[in-house]
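Here's the structure, in structure tokens; my notes come after.
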Amino acid sequence: MMEEVFTRERIKTYFWLIFAPPFGLYRVLSRKSEFRRSEQWVWTMIVLITLVTYVKLIITG
């Protein structure tokens, strides 16, 4: 059975992951999220790495 990958909620979550990573991560990890456990881990790692990179750029200039 083919799973629908680009549902309306997933597209909104992708938008938030790009423009507001903390809120996007909240949407990925919420109880009513459509993301599988493996997808949640991947998105969590991507957001954490992105935020660490932003902080390093701010500190080092």
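The numbers here are math on the coordinates, done by the rules we state, and not lab data. Note that this is a predicted model, so its numbers are computed, not measured. Reconstructed Cβ throughout: ideal geometry from the backbone, glycine too, with neighbour counts over all protein chains shown.
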| note | Taking Lys and Arg as +1 and Asp and Glu as -1, residues besides Ser33 with C-beta under 15 Å from its C-beta add up to +3
| request: Convert each backbone phi in region 47-61 into a coupling constant with the Karplus relation 6.51 cos²θ - 1.76 cosθ + 1.60 (shift: θ = phi - 60°), then list the ³J(HN,Hα) values in order as whole Hz, x for Gly and Pro. | output: 5, 4, 5, 4, 5, 5, 5, 4, 5, 4, 5, 5, 5, 7, x
| Per the helix-only calculation at 222 nm, which mean residue ellipticity applies to the chain, given -39500 (n - 2.57) for every DSSP H run of n ≥ 4 and division by its residues, nearest 500 deg cm²/dmol? | -24000 deg cm²/dmol
| When only C-alpha pairs under 8 Å and at least 6 residues apart count, what is the relative contact order of region 5-61, in percent? | 25 percent
| For the peptides 22-30, 46-54, what is the packing order when you average, over each peptide's residues, the other Cβ atoms within 10 Å and list the highest mean first? | 22-30, 46-54
| Once you have the alpha carbon radius of gyration of the chain, what is it after dividing by 2.2 N^0.38 Å, with N set to its residue count? | 1.26
